[in-house]
There are 2 protein chains.
Amino acid sequence: MKVAVLGFGTVGVGVYEMLAKAGGLEQGPVLVRPGKNDKPFKVTSIEEIVDDPSVGAVAEVMGGVEPAFTYAAAALRAGKHFVTSNKALVAAKGPELDAIAREKGVAFLFSAACGGGVPFLHNLAIARRSDVIRSLGGILNGTTNYMLDAMQRLHLDYADVLADAQRLGYAEADPTADVSGLDALRKIMLACAVAYGTLPTDGLLNEGIESVTAADVAHFQGRGYTCRLIASGGSTEDGVYAYVEPVLVRDGAAECSVQQNFNMARYEGACAGPIVLMGQGAGRWPTASAVLRDLSGILRGERDMFPEGVRRGEVDNSVCRHSYYVRLPAALAGELPTVSAELEGEIARVITEPLSVSQMHFAAERLRESGAEVFFAALRE
Amino acid sequence: MKVAVLGFGTVGVGVYEMLAKAGGLEQGPVLVRPGKNDKPFKVTSIEEIVDDPSVGAVAEVMGGVEPAFTYAAAALRAGKHFVTSNKALVAAKGPELDAIAREKGVAFLFSAACGGGVPFLHNLAIARRSDVIRSLGGILNGTTNYMLDAMQRLHLDYADVLADAQRLGYAEADPTADVSGLDALRKIMLACAVAYGTLPTDGLLNEGIESVTAADVAHFQGRGYTCRLIASGGSTEDGVYAYVEPVLVRDGAAECSVQQNFNMARYEGACAGPIVLMGQGAGRWPTASAVLRDLSGILRGERDMFPEGVRRGEVDNSVCRHSYYVRLPAALAGELPTVSAELEGEIARVITEPLSVSQMHFAAERLRESGAEVFFAALRE
């Protein structure tokens, strides 16, 4: 099967090179921007791919919702299988693309959009066919894991580890999507849609790591906790819950062994029990390997990851409750229902009574609106 | 697809119950021993299954090589898909069953034979189609992991944790296959065959945990190491390496977070990098869930886990080298090339120079032939 590649950046080059060696697959044309077509296999218009009857599948690794969606829809309508690593595209337009693919009887697969080399969505899609997925989630963003791990192990401050991560290529020049939790949120949206047939929309909550300090990390570490940015999802009566927030796990928990920019995804099957998958969540070769796994799966009959009729649905994050660690101005500590508080000059570090996820995220929003600096993390006992 | 089940023990009951709920699958007849057919769906002769045209697939969960092999061959020859949780069967007769299945165009799948609920072989089979598997292995036996974990956390001696494991149903009345490493060895044989097309035979080495003592464990623990029974495999120029031995890993390594009777499997892809999978390696529902995943995969076109033409091959365990911790009679410590030795009365605890796996296993065999009590574990720095 000849595979066209849309995009020739870090991942695109990896996919193109792997195609030369994979059984049953063949290098096709590569779509690049006008002026970048310096090799005969590079083309600059999507029509050259969509109208080429020798192309059996299209692998999109450009990123962004447009023009990726227009290209994807055109490829699927032309009867070509479509594989992507683009989480923004699938989070925004997944149900539409799935419907076109089913109508045309071709594949729509996106393993590489969540977890890089870690085969999370693939295994979720398989598990939900014969088991009930009770919950899912994990460490789905390598940039923030690298940063939190470095802060804890090297006792560095946030700004320094961010600069290090940028220098090493683990963080982008504009790191907002990673450090705000938005990247992890998009991934948990996809995982919920694969597991439950509901792509969560309104009501999603994401708290990132922008406000964590070296003093917070030292405080956790001294009490036997490690901080990780964790995405969580599951089904509720009417829809799903889905949120991202920093979590304090006890030293010795599996999450603590996730170092550097690795990812750790998990799901719990009613029968299978808890299943954990770890590996490299980003980078040229891990991400390209996930694209190739999907392409190779098409040869064996794989066609879909979403359940038939996947649709958008409401999020209810009031169903999950934890105690939280909150660092905030001492003068505002009374705003939260706390079970303990430590004062350090103007700063209070409190442990709250169990609060729902939405209560805590909204409380932090209110406190910040009044100008307060706040960091919070769920406490997992 | 109607599925017949061979065997109605712990796993068989789980498979039968899950079939009632899984999409596209249906409960068929269940083969039991004569006299045990106390329900209309139970039959006592394999012919009633093989000759039943309504049966599309057979799931075997009896264990043992015979009569499982005769039944499997008959089912495949009758054009029925065959799924098994039986590692002894696949280790002994896998290539023959794969050849019959390919000739008949039906499926031969055995996810549940390695890792229970952990989808190890499935992911290996997929990964090797588009990537190169550099090495594989992990904690593949839950019984010994439960025992080593309890020895370290509760400071119990071997005999006591074995008795506990038997009481909890984690170890069988005759625990030999688990504690000798043979069970883990069979699993790494299957993994090598899936990844490399070579089912390793002659030259396999397995060292179990029968000779570990509370004093050994206290010694490791005091030095920041945790002991795990780890299976290792990989390809060599002419074949594969495959062995099982206790390994000392540094506290904080992912293996240390594998507690109780959990399993942790891993492989390293040239492109994907290291991929780790954790979950419950045994028990009714985890194992049944793996059987159901395979059956559900057949509906989507999955047919094989072994590469076409899988064959038996030689094992060369001289290619892997580590330093070893060895506890042996002080009088014999000079028999090994050591870099350090601690004496405790009649006992020596030594660290060896790097030795090949075969050198170490044969050296221990020679020392034991002379009547010495010896425990050894590879040192992973």
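When segment B:103-124 is limited to residues that are more than 14 Å from every other protein chain (Cβ to nearest Cβ) and not hydrophobic (A, V, I, L, M, F, W, C), the one that is surrounded by the fewest Cβ atoms within 10 Å (Cβ to Cβ) turns out to be B:Glu103. Assess whether A:Ser235 counts as being under 23 Å from A:His322 (Cβ atoms) and buried (at least 19 other Cβ atoms within 10 Å of the Cβ). Yes: the conditions hold for A:Ser235. Among the conditions (1) surrounded by 23 or more Cβ atoms within 10 Å (Cβ to Cβ); (2) more than 7 Å from chain A (Cβ to nearest Cβ); (3) assigned to a strand (DSSP E or B), the only one that B:Arg312 does not satisfy is (1). Go through segment A:250-286 and give me each residue that's surrounded by 21 or more Cβ atoms within 10 Å (Cβ to Cβ) and more than 9 Å from chain B (Cβ to nearest Cβ). Of everything in segment A:250-286, those that are surrounded by 21 or more Cβ atoms within 10 Å (Cβ to Cβ) and more than 9 Å from chain B (Cβ to nearest Cβ) turn out to be A:Asn261, A:Asn263, A:Ala265, A:Tyr267, A:Gly281, A:Ala282.
As for segment A:30-51, it holds at least one residue that is crowded, with 23+ Cβ neighbours inside 10 Å and at pLDDT 95 or above. Looking across segment B:36-55, the residues that are more than 11 Å from B:Leu6 (Cβ to Cβ) and assigned to a helix (DSSP H, G or I) come down to B:Glu47, B:Glu48. Is at least one residue of segment B:131-151 farther than 22 Å from B:Arg303 by Cβ, touching an Asp or Glu at 6+ places or on another chain (Cβ under 9 Å), in a helix (DSSP H, G or I) and without any contact (Cβ under 8 Å) to a residue 40 or more places away in the chain? Checking segment B:131-151: at least one residue is farther than 22 Å from B:Arg303 by Cβ, touching an Asp or Glu at 6+ places or on another chain (Cβ under 9 Å), in a helix (DSSP H, G or I) and without any contact (Cβ under 8 Å) to a residue 40 or more places away in the chain.
The residues of segment B:56-70 that are under 16 Å from B:Asp98 (Cβ atoms) and not in a strand (DSSP E or B), listed by number, are B:Val65, B:Ala68, B:Phe69. Scoring A:Leu332 on the criteria (1) of a type outside the set (Val, Ile, Thr); (2) over 30 Å from A:Gly79 (Cβ atoms); (3) not in a helix (DSSP H, G or I) leaves a single failure, condition (3). For segment B:125-163, filtering for residues that are within 13 Å of another protein chain (Cβ to nearest Cβ), out of contact with any strand residue (DSSP E or B) (no Cβ under 8 Å at 6 or more places or on another chain) and of a type outside the set (A, V, I, L, M) leaves 5. Of all residues in segment A:294-306, which are part of a loop (DSSP other than H, G, I, E, B), at the interface with chain B (Cβ under 10 Å from one of its Cβ atoms) and out of contact with any strand residue (DSSP E or B) (no Cβ under 7 Å at 6 or more places or on another chain)? Across segment A:294-306, the qualifying residues are A:Arg300, A:Gly301, A:Arg303. Of the helices (runs of 4 or more DSSP H) contained entirely in segment A:157-266, those carrying at least 2 residues that are more than 15 Å from the chain's Cα centre (by Cα) fall at A:158-167, A:214-222. In segment A:213-232, the qualifying residues are those that are more than 13 Å from chain B (Cβ to nearest Cβ) and hydroxyl-bearing (Ser, Thr, Tyr), and the one that is surrounded by the fewest Cβ atoms within 10 Å (Cβ to Cβ) is A:Thr213.
The values are calculated or read from the model by the stated rules, or taken from the named source; none is laboratory data. The shown structure was predicted, so the numbers you read here are calculated from the model rather than taken from an experiment. Cβ: placed from backbone, ideal geometry, glycine included. Neighbour counts: every protein chain shown.
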